[in-house]
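The structure appears below as structure tokens.
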Amino acid sequence: MEKFIIRGGKRLVGDVMVSGAKNAAVAILPAVILADAPCTVENLPWIEDVNILCDIFEQLDVRVEQLSERRTMIDPTKMRSYKASFETVSRLRASYYLLGAMLGKFGHAEVALPGGCEIGQRPIDQHLKGLRALGAQIEIERGNIVAHCENGLVGAEVYLDVVSVGATINIMLAAAKAKGLTTIVNAAKEPHIVDVANFLNLSGASIKGAGTDIIRVHGREYLGGCTYQIIPDQIEAGTYMIAAAATRGDVCVRNVIPTHLEAVSAKLMEMGVRVTEGDDGRDFFIRVQADKAPRPVNVKTLPYPGFPTDLQQPIMAMLSVAKGTSVIVENIWEDRFKHVGQLRRMGANINIDNRVAIVEGVKALSGAPIYASDLRAGAALVVAGLMAEGRTELNNVDFIDRGYEAMEKKLSALGADIKRASDGKAMVY
Ligand code: EPZ
């Protein structure tokens, strides 16, 4: 286990480049399985979740070749197996996309039930409902999801009972090669859904409406290869925007799509932070400048384009030193406040009632030995450590490595005093 040693109190100043979007990458890689020719994926983020998927590919005879730092060739044409083992799959939430992709390609799939961050019950009933509507027979056997469709999938109308990113993408994947028309109603609208649809369309699929709540997929028999560039990670960008504001810094977050970050920019401006968007001719950027304690605000997490649940934890760290009381409501995940106990160890005054956190701003946080319980809790505690007086020892940073590329290097380049050490302690929640 590794840890971060952070000496807080340094203003972040300078430029930071955002990597490719984790939640797009972990869906586009499985989507490549559907192609009948090699694909080149550009701008893959070098994070642990991507490494795990590449390990799974190796076991499935999908060839992965690094063409250059940001170009990866993936050849699924020799793939014969449709089984993904527990050992690899249990380390990754997004392994559920292998189900839709393998079912779409082979008419069979056997995938261990997914792992990932412990932030709620995380059912996949809507994924299974959608795949069953397309004709798949699905059983859970010894911890595996076993899905078959002897005569191939057939398009259908699927109404999602909850707005689910994962179910929307999984059904899109399975439908891309199904016979006829699939309509997904009450679909999620997150930017990575549009990104997966764009990738599939460039490979020859016919998907319309991604980014709205009705998606129509006309199945195609053949999907050729393509070269595709993954969008920038709006959650990584939002994390650096919050870290910049929390340290009362002045940071240009580069390689972003500003519209994907409107909810975050608006909330930061409400807190008294100066946020400006720009275009340097090559990339869009967002500049974040702050020089005083934030004003308290209320935050409610919602599906896109609402405020993202994946930034609820980092913004709570910043609000812990606001001048007054903030109320945060977590509407997506029922157990995404595990970072609160750690923030309290640093002096924060936060009370939880079910899905509501009441954050009474304190004057300052103080460094402490703390633990990350999940990916975004880790990001929140880094923000807290950067703001705090003194030394913070953040354990369990393996969670952070799952979704942030070289976080400590990017922060160091902005002037943070943050180092990785290898004698961290693991804590199981
Ligand atoms: C995706 O998870 C992201 N993960 C999550 O990011 C993100 O928090 C979440 O979407 C919401 O934006 C990936 O993209 C890999 P959902 P996902 O299905 O797809 C309920 C991060 O930190 N639900 O949109 O698993 C569910 O319990 C991660 O990067 C069902 O009831 O989320 C939740 O309350 C964490 N039945 C809500 O819907 C289902 O079949 C939204 O979940 C599926 C979901």
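Quick notes on this structure:
- If you check E262, E236 for being modelled with pLDDT of 95 or more and in contact with an Asp or Glu (Cβ under 9 Å, 6 or more places away or on another chain), only one passes: E236.
- The listed residue being within 16 Å of the ligand (Cβ to nearest atom), more than 22 Å from the chain's Cα centre (by Cα) and within 17 Å of K177 (Cβ to Cβ), out of L99, L103: L103
- Of all residues in the stretch 159-177, those satisfying the criterion of being of a type in the set (A, V, I, L, M, F, W, C) and buried (at least 24 other Cβ atoms within 10 Å of the Cβ) are A167, I169, I171, M172, L173, A174, A175, A176.
- Enumeration of residues in the stretch 188-219 that are surrounded by 20 or more Cβ atoms within 10 Å (Cβ to Cβ) and not aliphatic (A, V, I, L, M): E190, P191, H192, D195, N198, F199, S203, G219
- Every condition in (1) within 16 Å of the ligand (Cβ to nearest atom); (2) over 20 Å from P232 (Cβ atoms); (3) at pLDDT below 95 holds for E58 except the one numbered (1).
- Total residues in the stretch 62-78, condition open to solvent by 70 Å² or more (accessible area, probe 1.4 Å), of a type in the set (D, E, K, R) and not in a loop (DSSP other than H, G, I, E, B): 3
- Any hit, the stretch 126-147, residues being within 13 Å of the ligand (Cβ to nearest atom), of a type in the set (S, T, N, Q) and farther than 17 Å from A101 by Cα: no
- Where a residue in the stretch 137-165 is at positive phi and its partner, wherever it lies, is among the small types (G, A, S), with Cβ under 8 Å and at least six apart: G143/A112; G152/G107; G152/G135; G152/A178
- Taken over the stretch 391-409, the criterion of being open to solvent by 10 Å² or more (accessible area, probe 1.4 Å) and within 18 Å of the chain's Cα centre (by Cα) is satisfied by D398, F399, D401, R402, E405, A406.
- Criterion (crowded, with 24+ Cβ neighbours inside 10 Å and either modelled with pLDDT under 95 or under 14 Å from the mean Cα position of the chain (by Cα) (or both)) met by exactly one of I52, I47: I47
- Out of V299, V359, sole residue that is of a type in the set (A, V, I, L, M, F, W, C), within 15 Å of the ligand (Cβ to nearest atom) and not in a helix (DSSP H, G or I): V299
The values are calculated or read from the model by the stated rules, or taken from the named source; none is laboratory data. Remember, it's a predicted structure, so these values are computed and weren't measured experimentally. Neighbour counts are summed over all protein chains in view; Cβ atoms, including those assigned to glycine, are modelled from backbone coordinates with ideal geometry. In case anyone asks, the SASA skips ligands and DNA or RNA and just uses the protein heavy atoms, side chains included. Shrake-Rupley method; radii C 1.70, N 1.55, O 1.52, S 1.80 Å.
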